[in-house]
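The values are calculated or read from the model by the stated rules, or taken from the named source; none is laboratory data. Please read these numbers as outputs of a predicted model, since none were measured by experiment. Heads up, the Cβs are rebuilt from the backbone with ideal geometry, glycines too, and the neighbour counts pull from every protein chain shown.
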Amino acid sequence: HLYGLTDEPLTAPVRQEPPALTLGERAFEVVLARKVAAGETETAWFARHRSTPITELPTHWPGWYRELVERRIELIESDRNVGLVERPEHKRRWSRTPWEDLEQAALRDWLLDKLEDRSLWFNGTNAECRSLAQLADRAAAHPEWGPDWMDVARLWAGSQEVDALTVVTKLVADEHVPAQAAARYKPSGLAKRAEWERVWDLQRAEDLGEDVGKIPVPPKYAQADFLKASYWRQRGKLDVPKERFTSVVGAEKDAASGDGTMVLAWAGFDHAQLAQALATQLFQRQSTDGWSGEELVPLLAALDEVVPRVEQWHPE
């Protein structure tokens, strides 16, 4: 009406409060649903919004609002110009997140939060790594919330038969980033990482009072620099850690040992705690599991990467 398309206003009267609408109840949606029911058109509108098309106006609407919507529908069907505007491609989409999606996200976050519980990652005051199997066992058997965790895990998985390891494996899949640069980046990313390392060396030298001149600005990362898209999502263009867990690629035992699952450290460790956890894992692999030589290289690489941070931030 404001733009001259209709002779009369078709909005709710000033003193009337229109009812709250749900998916599929807008006038153009009713018109569209009737056309679909009559075989006059096809549309993905309702499937895309997970709504049920309705061809009759809701009976719980007040009479005045039903009459108003009927007039809107009549105008949409009779006036070519209004009908052109009142089409799905000219309408704002429903942006409400379905309840099922909200529920799944909430359950997933709760489960992941529990997997970050400090008690799962420390033996007394000592930080330790965990394999996926160990983490699953410790979560399911936690004396305070273990049974609840399993109940929520079954609800999230949609199965009463699911086991803790299957759930943990799925939860952690996109929530970890490797401790070793070679397991994080493609060659282009490794080259950028080397430039960042040089910049950090210059910054540390400058902090010690050395004259290093102008420190160059290191390059930003792109998704193509990372070996997996999930690593990029966790790190971004400045490679800032946001992941929940640090994976130690190559630290897992052979499957024949009974536990060949991926080894993780908690991303909540500070640098000194991470170094302690990696060193403990290295000692266990060497002394208990009999690893030597090349088998220990992945753990040594992970430890080598964190040592400069320990020296900088934890000199004690």
Out of (1) farther than 30 Å from LEU282 by Cβ; (2) surrounded by 11 or more Cβ atoms within 10 Å (Cβ to Cβ), the one ALA38 does not meet is (2)
Looking at ARG235, is it more than 17 Å from ASN126 (Cβ to Cβ), outside the structural domain of ALA181 (by TED's automatic domain parsing) and either surrounded by 19 or more Cβ atoms within 10 Å (Cβ to Cβ) or touching a residue at least 40 places away in the same chain (Cβ under 8 Å) (or both)?
-> no
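Which of the residues that make up the stretch 1-32 are over 16 Å from TRP94 (Cα atoms), modelled with pLDDT of 90 or more and surrounded by 10 or more Cβ atoms within 10 Å (Cβ to Cβ)? Spell out the reasoning first.
So the first thing to find is which residues in the stretch 1-32 are over 16 Å from TRP94 (Cα atoms), and the list is 1-19, 31.
Imposing the further condition that a residue be modelled with pLDDT of 90 or more reduces the set to 17-19, 31.
Hits for the stretch 1-32 are PRO18, PRO19, VAL31.
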In this structure, does LEU10 turn out to be farther than 19 Å from VAL85 by Cβ and in contact (Cβ under 8 Å) with a residue 60 or more places away in the chain?
-> no
Going through the stretch 42-64 one residue at a time, which ones are assigned to a helix (DSSP H, G or I) and either surrounded by fewer than 17 Cβ atoms within 10 Å (Cβ to Cβ) or not assigned by TED's automatic domain parsing to the domain that holds PRO19 (or both)?
-> ALA47, ARG48, GLY63, TRP64
Residue count, the stretch 48-69, condition over 18 Å from ALA38 (Cα atoms) and in contact with a helix residue (DSSP H, G or I) (Cβ under 7 Å, 6 or more places away or on another chain), comes to 1
With the condition kept exactly as written, say whether any residue in the stretch 119-127 is under 26 Å from the mean Cα position of the chain (by Cα), under 30 Å from ARG50 (Cα atoms) and touching a residue at least 24 places away in the same chain (Cβ under 8 Å).
-> no
Name every residue in the stretch 88-129 that is touching a helix residue (DSSP H, G or I) at 6+ places or on another chain (Cβ under 7 Å) and over 15 Å from LEU171 (Cβ atoms), in order of residue number.
-> PRO88, LYS91, ASN126, ALA127, GLU128, CYS129
Filter the stretch 13-47 for residues that are without any contact (Cβ under 8 Å) to a residue 24 or more places away in the chain and touching a Lys or Arg at 6+ places or on another chain (Cβ under 8 Å) and give the result.
-> THR41
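Yes or no, residue by residue, for (1) farther than 23 Å from LEU120 by Cβ; (2) free of Cβ contacts under 8 Å to residues at least 24 places away in the same chain; (3) charged (D, E, K, R):
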{"site": "ASP207", "(1), (2), (3)": "yes, yes, yes"}
{"site": "ALA229", "(1), (2), (3)": "yes, yes, no"}
{"site": "LEU278", "(1), (2), (3)": "no, no, no"}
{"site": "LEU282", "(1), (2), (3)": "no, yes, no"}
How many of the residues in the stretch 181-226 are over 33 Å from the mean Cα position of the chain (by Cα), basic (Lys, Arg) and outside any helix (DSSP H, G or I)?
-> 1
For ALA279, which of the numbered conditions (1) among the small types (Gly, Ala, Ser); (2) in a helix (DSSP H, G or I); (3) within 26 Å of the chain's Cα centre (by Cα) fails to hold?
-> (3)
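Can you tell which of LEU190, LEU155, LEU208, LEU202 is modelled with pLDDT under 95 and surrounded by fewer than 18 Cβ atoms within 10 Å (Cβ to Cβ)?
On the way: LEU190 fails: modelled with pLDDT under 95; LEU155 fails: modelled with pLDDT under 95; LEU202 fails: modelled with pLDDT under 95.
Exactly one of LEU190, LEU155, LEU208, LEU202 is modelled with pLDDT under 95 and surrounded by fewer than 18 Cβ atoms within 10 Å (Cβ to Cβ), namely LEU208.
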Taking HIS90, is it touching a Lys or Arg at 6+ places or on another chain (Cβ under 8 Å) and at pLDDT below 95?
-> no
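Against the definition (within 27 Å of GLN203 (Cα to Cα), at pLDDT 95 or above, of a type in the set (S, T, N, Q) and not in a helix (DSSP H, G or I)), how does THR261 come out, yes or no?
Working: within 27 Å of GLN203 (Cα to Cα): no; at pLDDT 95 or above: yes; of a type in the set (S, T, N, Q): yes; not in a helix (DSSP H, G or I): yes.
No: the conditions fail for THR261.
In the stretch 243-258, what residues are more than 19 Å from ALA173 (Cα to Cα) and either without any contact (Cβ under 8 Å) to a residue 24 or more places away in the chain or part of a loop (DSSP other than H, G, I, E, B) (or both)?
Here is the first cut: in the stretch 243-258, the residues more than 19 Å from ALA173 (Cα to Cα) are 254, 256-258.
The answer is ASP254, ALA256, GLY258.
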